[in-house]
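Below is one structure; the comments refer to it alone.
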Amino acid sequence: MGQPRVLLADDHTMVVEAFRKLLELEFEIVGTVGDGRTLVTTAPGLKPDVIVIDISMPLLNGMDAGRELKRLLPRTKLIALTMNEDCEVASEALRSWASGYLLKKSAGSELVKAIREVLKGKSYVTPKVAQQLLDRFVRDPRRDHDKELTPRQRQVLQLLAEGRTMKETADFLHVTPRTIAFHKYRIMEEFGLKTNSDLVKFAIRERVVSPP
C-alpha cells in the first residue's frame, strides 16, 4: 500500500516548501496550490487522502473552499491551518468541514500528528484552541444562529473586498456586472452597510478576507 496522498494549499511559498520537506518522508505530496479557487478545481482530479488548507487565501478563502471540498470529496480529510486563534473560527470550520484545526505557530511535528489522526478517522484540534472550545461550550452550549451570507454572496464579497471592480468580479465568476451589482447591494441592504469601506470591514468581520 502506498503512502497517504496529501495536497497542500497555502499562498505563502516558503510555508508550502517547509511543509513539503517536513511531510514528504511519510506522505506523498501530490501537489501544492496558492489560492482557494485553484484548490477547488484541481483537488478532485488529484484525489488526495488529506488536504491541508490555509484559511486565509486569495480568490476564495479556505473556509469557503473547505465547504465546497467537503461536498466534492466527502471521503477526503480536511485540515484547517491558520494564524487565527479565535475559537469562533475553529468552531465554524470543525462544524462544517474540517477534521483537524492547527495554528501556523504549532510545531511541525503537530502537523504530522494531525494528519495521522485524521487518516484514522479521528479529529485533531491544537491543544490551545481545543481548551478554548471546551470553555466556550461550557459557558454557552447553545449557539444562536445569525443571518448568514449565501455561498454566492460570500464569493462576491471576497472578490470586491480584495479590491476588484464589479466588472472584474463579474468576469471572474462568469456572470454579468448587473448580477454582481445585485449581490453587492443586496448584501449592503441586508446587513446595513452604507459604503465600500463598510463592505470591506464587514468582509473582515465575516472572515471572508483577512485584515490588511
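Residue pairs whose Cβ atoms lie under 6 Å apart, sitting 6 or more positions apart in sequence or on different chains, and linking a residue in segment 62-82 that is in the same structural domain as VAL129 (by TED's automatic domain parsing) to a partner that is of a type outside the set (D, E, K, R) and surrounded by fewer than 19 Cβ atoms within 10 Å (Cβ to Cβ), are ARG67/SER96; LEU72/PRO44.
From the list ASP146, ASP171, the lone residue that is loosely packed, with under 12 Cβ neighbours inside 10 Å and either modelled with pLDDT of 90 or more or outside any helix (DSSP H, G or I) (or both) is ASP146.
Report yes if some residue within segment 118-125 is modelled with pLDDT under 75, crowded, with 16+ Cβ neighbours inside 10 Å, within 20 Å of ARG207 (Cβ to Cβ) and within 20 Å of the chain's Cα centre (by Cα); otherwise report no.
no
Would it be correct to say that SER56 is small (Gly, Ala, Ser), out of contact with any Pro (no Cβ under 6 Å at 6 or more places or on another chain) and assigned to a helix (DSSP H, G or I)? So SER56 does not fit the description; no. Checking each residue in segment 1-41 for being in contact with a Gly (Cβ under 9 Å, 6 or more places away or on another chain), surrounded by fewer than 18 Cβ atoms within 10 Å (Cβ to Cβ) and either closer than 11 Å to MET57 by Cβ or of a type in the set (A, V, I, L, M, F, W, C) (or both) picks out ASP11, HIS12, ALA18, LEU22. You will find that of SER197, SER210, the residue that is outside the structural domain of ASP86 (by TED's automatic domain parsing), under 19 Å from GLY66 (Cβ atoms) and either not aromatic (Phe, Trp, Tyr) or not in a helix (DSSP H, G or I) (or both) is SER210 and no other. When we screen LEU193, LEU159 for residues that are in contact with a helix residue (DSSP H, G or I) (Cβ under 9 Å, 6 or more places away or on another chain) and either closer than 23 Å to THR82 by Cβ or touching a residue at least 40 places away in the same chain (Cβ under 8 Å) (or both), the only hit is LEU159.
Annotation: of all residues in segment 60-117 being of a type in the set (Asp, Glu) and loosely packed, with under 15 Cβ neighbours inside 10 Å, the one that is nearest to LEU7 (Cα to Cα) is GLU85.
The values are calculated or read from the model by the stated rules, or taken from the named source; none is laboratory data. Predicted, not measured: the structure shown is a model, and the values here were computed from it. Glycine gets a Cβ as well: all are built from the backbone with ideal geometry, and neighbour counts include every protein chain shown.
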